[in-house]
1. Please work out if VAL56 is in contact with an Asp or Glu (Cβ under 6 Å, 6 or more places away or on another chain), among the β-branched types (Val, Ile, Thr) and assigned to a helix (DSSP H, G or I).
2. Does region 96-104 contain at least one residue that is surrounded by fewer than 18 Cβ atoms within 10 Å (Cβ to Cβ), modelled with pLDDT under 90 and farther than 29 Å from CYS171 by Cβ?
3. Find all pairs meeting these conditions: Cβ atoms under 9 angstrom apart; at least six residues apart or on different chains; first residue within region 103-114 and under 20 Å from ILE82 (Cβ atoms); second residue among the charged types (D, E, K, R) and part of a helix (DSSP H, G or I).
4. So which helices (runs of 4 or more DSSP H) are wholly in region 101-215 and hold at least 2 residues that are touching a Lys or Arg at 6+ places or on another chain (Cβ under 8 Å)?
5. Is it the case, given these coordinates, that LEU89 is surrounded by 15 or more Cβ atoms within 10 Å (Cβ to Cβ) and either outside the structural domain of GLN29 (by TED's automatic domain parsing) or touching a residue at least 40 places away in the same chain (Cβ under 8 Å) (or both)?
6. If I filter region 68-80 for residues that are surrounded by 15 or more Cβ atoms within 10 Å (Cβ to Cβ), in contact with a Phe, Trp or Tyr (Cβ under 8 Å, 6 or more places away or on another chain) and more than 14 Å from GLU107 (Cβ to Cβ), do I get at least one hit?
7. Just to check your reading of the model, which residue among THR87, THR66 is in a helix (DSSP H, G or I), under 52 Å from the mean Cα position of the chain (by Cα) and among the hydroxyl-bearing types (Ser, Thr, Tyr)?
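The values are calculated or read from the model by the stated rules, or taken from the named source; none is laboratory data. Not measured: the values here are computed from a predicted model. Virtual Cβ from ideal backbone geometry, glycine too; neighbours counted across all protein chains shown.
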Amino acid sequence: MKDPSQKSHFYRNTLKEMLPYIPKKLWFQHVWPCLQQEMKTQEVLAAVLQPIIFLVQETTLEEYETIILPYFRTVFSIPKSIQATVTLLENLHVILEKTPRDDIRSEVLPMLYNAFESATIQVQSSALVAVTHVSEYLDETAIKRMVLPKTKLVYEKNSTDIKIVLNVLLCLEKCLNRLDRTMIIDEVLPLLWDVRLQDPEIILRVVSIYRLMLSDKKYGLSVNLMATRVMPSLLPQTVNPSLNLDQFTILLEVLQEMLDHIDRNQRNKLKLDNLSLPSPERHRPLRHQMSSDNMHVPPFNIPNLRIEHRKTSSAEDMARKNSTGKLCLFVCLFVCLLRLFVYYDADGVIRVVVLFYLRTNIFFPFFFLLSSDSNYKSEFFFRFNCNVRMYYYYYYYYFIIVFFLRRTISYLDFF
């Protein structure tokens with residue numbers, strides 16, 4: 001096979017499919033030496049890397065470090081075609097799983113950082129994808145000084161490419177927990193606010209980053225930023241016709257979560273403000289001496305104005321007057337009945353007097369209704385109420401009077 005296209009097809013498809021059926025012993029005796037020779041040819045390097053990645057994935061750590069890595073590390077530093085670079089970047093997580101830490105820093109990561117500076121969009125996109133897969137192998141210094149600045153640079157150059165923007169957002173989401181609060185506020189949030197929220201996938205990716213920020217205060221997403229910058233950019237997307245039901249639900253849940261954060265924060269703040277609000281009496285001595293609060297104004301009276309106070313009597317006064325009058329009436333009645341009892345029929349006289357008293361005492365107040373004076377009418381209702389309640393008690397007067405008169409007559413007869 002001298003044709004590069006035939007070789008590429010063989011290594012990319014035929015050999016890769018046949019390797020699982022070839023004994024592992026033959027891999028290092030026949031297959032690997034042949035692949036070493038083909039790695040020197042730039043035309044077929046991208047195709048040769050396919051079976052090599054399979055060998056790296058299936059061999060043990062010792063086999064990889066002693067047999068494959070000594071020659072394979074040269075691939076990271078030599079010039080490569082675009083397709084070969086993309087193949088390495090897309091499978092970088094497989095390589096880093098078995099590569100020693102020292103070789104990662106010195107051989108593999110420099111290739112990754114250089115890929116960000118490539119003028120090819122395909123290589124830049126692959127570099128962003130590689131970062132999302134190998135972020136745990138990157139230290140915080142490398143992320144802050146190398147990955148984040150280069151990611152922003154890639155976005156600025158390709159802000160209209162949806163695929164690049166998606167990879168940028170995915171890269172930021174993976175590296176977010178490795179960034180400090182200041183860098184997130186100064187670098188990440190402005191980039192998110194600059195993203196054009198039109199494509200549903202981009203909207204969901206941005207919403208996913210905001211949801212991650214809401215999970216912990218260390219990310220620096222304050223309620224002020226939510227209310228003034230984040231929510232104003234997301235609210236118009238609630239009526240985006242390109243969103244399906246699931247995407248709309250996710251967006252609305254994040255917006256509701258932001259509203260809950262704002263609600264809790266503002267309620268607690270307002271409660272504290274109300275508790276710490278000073279009383280007006282505390283600052284009264286600080287006011288001017290001639291203030292209207294410190295002036296004692298005499299009551300205002302209109303001259304030559306006479307106000308007539310209507311005389312009213314309380315319920316206690318009326319009850320007291322009625323009880324006194326009834327006592328006097330009872331004494332007079334008792335004396336009169338004593339004389340009538342002696343000279344006339346005692347029982348008949350007592351019945352007539354008691355019934356007359358009861359009837360006159362109940363129906364007599366009705367004459368007050370004929371008067372136009374409101375005082376008389378109020379007195380009528382009061383007396384009528386008292387007499388009705390006491391009506392049944394007056395029946396006992398008959399028995400009491402008879403008892404006392406008979407005893408009095410008996411004493412008189414005795415003497």
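1. Details: in contact with an Asp or Glu (Cβ under 6 Å, 6 or more places away or on another chain): no; among the β-branched types (Val, Ile, Thr): yes; assigned to a helix (DSSP H, G or I): yes.
So VAL56 fails the test.
2. Checking region 96-104: not a single residue is surrounded by fewer than 18 Cβ atoms within 10 Å (Cβ to Cβ), modelled with pLDDT under 90 and farther than 29 Å from CYS171 by Cβ.
3. TYR113/LYS150
4. Working: elements: 109-116, 121-134, 148-157, 162-175, 189-194, 200-214.
Those helices (runs of 4 or more DSSP H) span 109-116, 121-134, 162-175, 189-194.
5. Values: surrounded by 15 or more Cβ atoms within 10 Å (Cβ to Cβ): yes; either outside the structural domain of GLN29 (by TED's automatic domain parsing) or touching a residue at least 40 places away in the same chain (Cβ under 8 Å) (or both): yes.
The answer is yes for LEU89.
6. So far as region 68-80 goes, no, none of its residues is surrounded by 15 or more Cβ atoms within 10 Å (Cβ to Cβ), in contact with a Phe, Trp or Tyr (Cβ under 8 Å, 6 or more places away or on another chain) and more than 14 Å from GLU107 (Cβ to Cβ).
7. Working: THR66 fails: under 52 Å from the mean Cα position of the chain (by Cα).
So the residue among THR87, THR66 that is in a helix (DSSP H, G or I), under 52 Å from the mean Cα position of the chain (by Cα) and among the hydroxyl-bearing types (Ser, Thr, Tyr) is THR87.
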